[in-house]
2 protein chains.
Amino acid sequence: MTAPARFTAPYSRIPAAVAAAPHGIAALPGAVTKYGRNAEIFGEGDEAEFVYRVRSGTVRVYRILSDGRRMIGSFHFAGDTFGVETGDEHSTSAEAVTDCEIIATPRMAVSRRAEADHAFSHELWQSAVAELAGARKHMLVLGCQSALERVSSFLLEMAQRSSVGGVISLPMSRQDIADYLGLTIETVSRTFTQLTERGAIEVPSSRTIVLRSQAFLRQAA
Amino acid sequence: MTAPARFTAPYSRIPAAVAAAPHGIAALPGAVTKYGRNAEIFGEGDEAEFVYRVRSGTVRVYRILSDGRRMIGSFHFAGDTFGVETGDEHSTSAEAVTDCEIIATPRMAVSRRAEADHAFSHELWQSAVAELAGARKHMLVLGCQSALERVSSFLLEMAQRSSVGGVISLPMSRQDIADYLGLTIETVSRTFTQLTERGAIEVPSSRTIVLRSQAFLRQAA
DNA sequence: CGTACGATTGATCCTGATCAAAGTAAGTGG
DNA sequence: CCACTTACTTTGATCAGGATCAATCGTACG
């Protein structure tokens with residue numbers, strides 16, 4: 001229940017290379033910034049100045065309880081939008097899981113364009129609702145699934161998002177996975193071994209998962 | 001882990017009194033329908049024909065896993081909008097917790113108006129993002145809090161939404177609370193007793209909670 | 001080569017689930 | 001009006017899944 005000061009280590013904000021870059025489904029004007037591994041993109045309470053889009057890399061969006069427990073709400077991959085808020089400040093924090101290129105669009109530009117462009121405004125709304133659907137699905141996982149079910153769901157989700165021929169390259173650590181699934185690293189690790197023993201997956205290296213039986217994962221989830 | 005056929009009992013859809021009624025913050029044209037206690041408003045997989053707003057009463061929005069486990073994602077009170085979807089069908093089910101009056105607006109009317117009215121479209125988007133914020137907060141609860149913390153959070157949430165002078169009238173059963181918090185009825189009940197013993201609340205009747213020490217709840221949450 | 005961080009494995013503990021029973025309240029029908 | 005039903009809540013006893021504590025193992029890196 002207690003938690004030491006994890007996650008205070010390598011916050012190296014790197015607002016380096018900046019260039020104009022209209023990119024992504026909703027082509028938005030925005031500056032591309034590179035962030036190094038574990039760099040903070042924005043923090044809870046920061047002014048919500050921009051809306052962000054992943055150009056490359058992986059981002060984690062999370063909140064931290066007063067005692068240090070961390071809950072990762074979502075991972076974002078290339079093409080995903082994140083950091084959208086209603087209020088003036090961010091209600092979550094965001095960090096680069098891997099080295100990232102992030103497109104930041106000033107919020108004003110977003111709302112201005114939304115006013116002028118119906119299609120864009122609709123798309124903006126859809127993206128919020130889509131993220132809501134994702135959050136709901138995740139609530140289901142957190143609220144009523146066992147460790148085996150959670151890890152299976154996670155692997156299927158990753159498989160859907162970023163697998164190449166049945167091989168998943170996980171960009172995130174066991175700690176990240178644990179904080180995403182509401183488990184501990186030990187339990188995540190044990191569950192991976194269990195899935196390996198049962199022939200559902202292979203784990204040649206800790207960040208590489210080979211899917212042997214998606215059927216097994218599906219009925220476990 | 002297993003679950004009998006709970007929640008198959010009294011689904012009495014009551015599409016009774018229908019009348020024009022522009023009401024709520026975003027005055028939308030819509031028909032008012034009354035639903036009796038436990039009546040289904042829409043089910044997962046149903047065509048998402050309408051967007052709904054609570055005029056009076058309480059609604060639960062939930063999903064059910066194949067084995068019968070139920071996760072209540074949110075409760076909605078007077079003035080709240082629910083049932084907004086991106087796709088063509090509802091990804092959740094909704095039921096009346098108490099007798100309810102619900103305003104149903106045809107989806108087409110919503111999107112047509114959103115196209116014409118920027119302010120409305122903005123409001124629509126804000127409501128989606130606000131709900132997302134709620135979902136995120138709830139994920140934090142489900143992902144990393146203990147039973148005591150969950151119940152305390154819940155009570156504070158209810159206090160904020162619908163308390164009158166430090167007295168909360170819970171419209172929902174222990175089972176609803178349990179399914180909302182990812183706990184069992186027994187644990188919810190025990191936690192209430194524990195909070196009573198510690199002087200944080202009083203429970204004169206099972207649906208009535210008197211707040212004795214919000215400070216206690218806050219630091220427990 | 002040695003250090004350091006992340007991942008795995010093992011042993012034990014504890015919270016909340018499960019199983020079981022009794023208590024309470026609100027209707028219902030005689 | 002009261003006995004009876006039924007649904008909901010509370011309490012008790014026990015169990016189990018996952019957390020915690022602790023040690024070891026890899027693997028990348030200086």
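Throughout, read-outs are computed from the coordinates displayed, never taken from laboratory work. On a predicted model such as this, the values are computed, not experimentally measured, just so you know. Every residue, glycine as well, gets a Cβ built from its backbone with ideal geometry; the counts of neighbours run over all protein chains shown.
Find the percent of Cα-Cα distances in the protein assembly as shown that exceed 37 Å, and round it to a whole number.
28 percent
Only four residue types carry charge here, +1 at the Cβ of Lys and Arg and -1 at the Cβ of Asp and Glu. Report the dipole size of the protein assembly as shown about the Cα centre in Debye, rounded to the nearest 20.
Roughly 880 debye for the protein assembly as shown.
Along each principal axis of its Cα atoms, how long is the range A:146-220 end to end? Whole angstroms, biggest number first, please.
28, 23, 20 Å, listed from the longest principal axis down.
Using Cα-only point scatterers and the Debye equation, what is log10 of I(q)/I(0) for the range A:101-156 at each q in 0.13 Å⁻¹, rounded to two decimals?
Relative scattering, expressed as log10 I(q)/I(0), comes to -0.54.
Say a label goes 7 Å from Cα toward Cβ at B:Asp99 in every copy; what distances in nm does this one have to the rest, shortest first?
6.7
Which number comes out as Rg/Rh for the range B:11-141 once both Rg and the Kirkwood Rh are worked out on C-alpha atoms?
0.95
Charges at C-beta only: +1 for Lys and Arg, -1 for Asp and Glu. How large is the resulting dipole of the range A:66-125 about its Cα centre, in Debye rounded to 20?
Using Cβ point charges on Lys, Arg, Asp and Glu, the range A:66-125 gives about 80 debye.
Could you please state, rounded to a whole Å, how far the C-alpha centre of the range B:31-58 is from the C-alpha centre of the range B:86-110?
If we compute the Cα centre of each part, the gap is 5 Å.
Which one, A:Ala31, A:Ala96, A:Leu148, projects farthest toward the positive side of the charge dipole computed for the range A:31-169 from Cβ point charges (K/R +1, D/E -1)?
The listed residue farthest towards the positive side: A:Leu148.
Taking chain B as a Gaussian network, where each spring joins two C-alpha atoms under 10 Å apart, which residue of B:His122, B:His138, B:His90 fluctuates the most?
Of B:His122, B:His138, B:His90, the Gaussian network model singles out B:His122 as fluctuating most.
I want to verify a result. In a Gaussian network model of chain B, Cα cutoff 10 Å, which of these has the top mean-square fluctuation: B:Ala104, B:Ala31, B:Ala116?
With Cα springs under 10 Å in chain B, the top fluctuation among B:Ala104, B:Ala31, B:Ala116 is at B:Ala116.
Counting other beta carbons within 10 Å of each Cβ, put B:Val110, A:Val141 in order, fewest first.
Taking fewest neighbouring Cβ atoms as first place, the list is B:Val110, A:Val141.
Just tell me how shielded A:114-123 is by partners: mean number of partner chain Cβ atoms within 10 Å of each residue's Cβ, no decimals.
What the average comes to for A:114-123 is 3.
I'd like the orientation of helix B:118-144 relative to chain B: the angle between its Cα long axis and the longest Cα principal axis, in ° from 0 to 90, rounded to 10.
In chain B, helix B:118-144 runs at an angle near 30 degrees to the longest axis.
Angle check, please: helix A:185-197 long axis (alpha carbons) against the longest principal axis of chain A (alpha carbons), in degrees 0 to 90, nearest 10.
Long axis of A:185-197 versus the principal axis of chain A: about 60 degrees.
Any idea what the alpha-carbon Rg over 2.2 N^0.38 Å comes to for chain A?
Working it through for chain A, the quotient is 1.06.
Taking springs between alpha-carbon atoms closer than 10 angstrom, which of A:Pro106, A:Pro171, A:Pro204 fluctuates most in the Gaussian network model of chain A?
A:Pro204
Positive end of the dipole of the range A:125-221, charges at C-beta (+1 Lys, Arg; -1 Asp, Glu), about the Cα centre: which of A:Leu170, A:Ala133, A:Ser213 has its Cα farthest in that direction?
A:Ser213
Before anything else, pin down the relative contact order of chain B: Cα pairs under 8 Å, at least 6 apart, normalised by residue count, whole percent.
RCO, chain B: 17 percent.
Between copies, how far apart are the A:Thr208 label points? List them in nm, one decimal, shortest first, with each point 7 Å from Cα toward Cβ, please?
Output for A:Thr208: 6.6 nm, nearest copy listed first.
Relative to the first principal axis of the alpha-carbon coordinates of chain B, what is the inclination of helix B:147-162, with its axis defined by its Cα atoms, in degrees from 0 to 90 and to the nearest 10?
Tilt of helix B:147-162: around 50 degrees.
For B:Lys137, go through the lysines and keep the ones whose alpha-carbon is under 16 Å away, minus same-chain ones fewer than eight residues off.
Cα-Cα hits under 16 Å: A:Lys137.
For A:Glu123, place a label point 7 Å out from Cα along the Cα→Cβ vector, do the same in each other copy, and report the separations in nm, one decimal, smallest first.
Nearest to farthest, the other copies are at 2.6 nm.
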